[in-house]
1. On the basis of being among the aliphatic types (A, V, I, L, M), under 22 Å from residue 211 (Cβ atoms), out of contact with any strand residue (DSSP E or B) (no Cβ under 8 Å at 6 or more places or on another chain) and surrounded by 15 or more Cβ atoms within 10 Å (Cβ to Cβ), does residue 59 make the cut?
2. In the range 149-193, what residues are more than 30 Å from residue 18 (Cβ to Cβ), charged (D, E, K, R) and part of a loop (DSSP other than H, G, I, E, B)?
3. Hey, can you tell me all the residues within the range 132-181 that are basic (Lys, Arg) and surrounded by 13 or more Cβ atoms within 10 Å (Cβ to Cβ)?
4. Among residues belonging to the range 69-90 that are buried (at least 18 other Cβ atoms within 10 Å of the Cβ) and in a strand (DSSP E or B), point out the one that is modelled with the lowest pLDDT.
5. Could you check, for the range 106-117, whether at least one of its residues is polar (S, T, N, Q), modelled with pLDDT of 95 or more and closer than 30 Å to residue 23 by Cβ?
6. Does residue 159 satisfy being farther than 30 Å from residue 252 by Cα and not β-branched (Val, Ile, Thr)?
7. If you go through the range 118-131 one residue at a time, do you hit one that is within 16 Å of residue 214 (Cβ to Cβ), of a type in the set (D, E, K, R) and crowded, with 21+ Cβ neighbours inside 10 Å?
8. Among the residues of the range 95-148, how many are in contact with a strand residue (DSSP E or B) (Cβ under 8 Å, 6 or more places away or on another chain) and assigned to a loop (DSSP other than H, G, I, E, B)?
Amino acid sequence: MPIHYDTLLNFPIPEIRQRLRWQDTALYALSLGAGQDPMDAEDLRFVTEGAAMRALPSMAVVLGYPGFWLRDPATGVDAVRLVHGEQSVELHAPLPTEGEVIGRSRVTGLVDRGAGKGALLYSERVILDAATGAKLATLGQTTFLRGDGGFGGPDGPVKKPAPEPEGAPGIVLDLPTRPEMALLYRLNGDHNPLHSDPAIAAKAGFPRPILHGLATFGVVGRALLRGVCGNDTARFGRMDCRFSAPVFPGETIRTEIWPSAGGAAFRARVVERDVVVVGNGAFRLAAPAAAG
């Protein structure tokens, strides 16, 4: 069944209520490699319970997650051929380490690139504090529907990526991934077998399971938090990027950062293969809290 523009644009994605425990916050950080150095006091704040515990800002991507809703045949999408193309996260306040949150997702745009050229689906998820109704984070995602072009939809508007930086980066941070990282990361709720089953990975054309794109996003987010924000989660504003190649668990992700007034440009590559895995990166510091 081909895509029906109005049906997919208004598809009823379920609202999700999630009870967040400090153990979930610690698991997310551990699944991104935090805590590998038992003497790194800054890193330990993300994996250890107590008043000093902090949530990694990128954890917003696993909160209020509605599951793989595009797999529903009613969407008309060829779910086997879709690719996660771009991701953004904007923090409106530091994330809680425990409590109840609400995730509300919606499709915000759909672009037809033509028959044989696929389509672009833009979606948004807002994360709210269930107790107060306060907005915690807004997530944006671009999904490339490789098998679904030519359905008669509009050919724009198309989101413009941030420009690639020029010259040498001002900050370079290498963060290792562990061989079992994808198996840990899937415990956050993304159980796609592409990241755990060698046979499924082989059918998709990979020599072994690949790391979740959002795990790569989180590792790069850790580098930005450390390199630009001094590990102060209250300074983390917004992060946008485009995925360009997969990471294999066990590889080292090198984040290259070009600081600027109010933020930074960035990209990331795998050291072992010298392949850019994240590009068109733009980071913005959070606005200073109002006095009083």
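The values are calculated or read from the model by the stated rules, or taken from the named source; none is laboratory data. Owing to the predicted nature of the structure, the values given are computational and were not obtained by experimental measurement. Heads up, the Cβs are rebuilt from the backbone with ideal geometry, glycines too, and the neighbour counts pull from every protein chain shown.
1. In short, yes.
2. Taking the range 149-193 as the starting set, the residues that turn out to be more than 30 Å from residue 18 (Cβ to Cβ) are 149-158, 160-174.
Narrowing the set further to residues that are charged (D, E, K, R) leaves 155, 160, 164, 166, 174.
Once the filter is applied, which keeps residues that are more than 30 Å from residue 18 (Cβ to Cβ), charged (D, E, K, R) and part of a loop (DSSP other than H, G, I, E, B), the range 149-193 yields 155, 160, 164, 166.
3. So the first thing to find is which residues in the range 132-181 are basic (Lys, Arg), and the list is 135, 146, 159-160, 178.
Scanning the range 132-181 gives 135, 146, 159, 178.
4. Restricting to residues being buried (at least 18 other Cβ atoms within 10 Å of the Cβ) and in a strand (DSSP E or B), the top hit is 82.
5. No, the range 106-117 has no match at all.
6. So residue 159 does not fit the description; no.
7. yes
8. Of the range 95-148, the ones in contact with a strand residue (DSSP E or B) (Cβ under 8 Å, 6 or more places away or on another chain) are 95-113, 118-131, 134-148.
The next check asks that each one be assigned to a loop (DSSP other than H, G, I, E, B); those that pass are 95-98, 113, 118, 130-131, 134, 146-148.
Of the residues in that region, 12 qualify.
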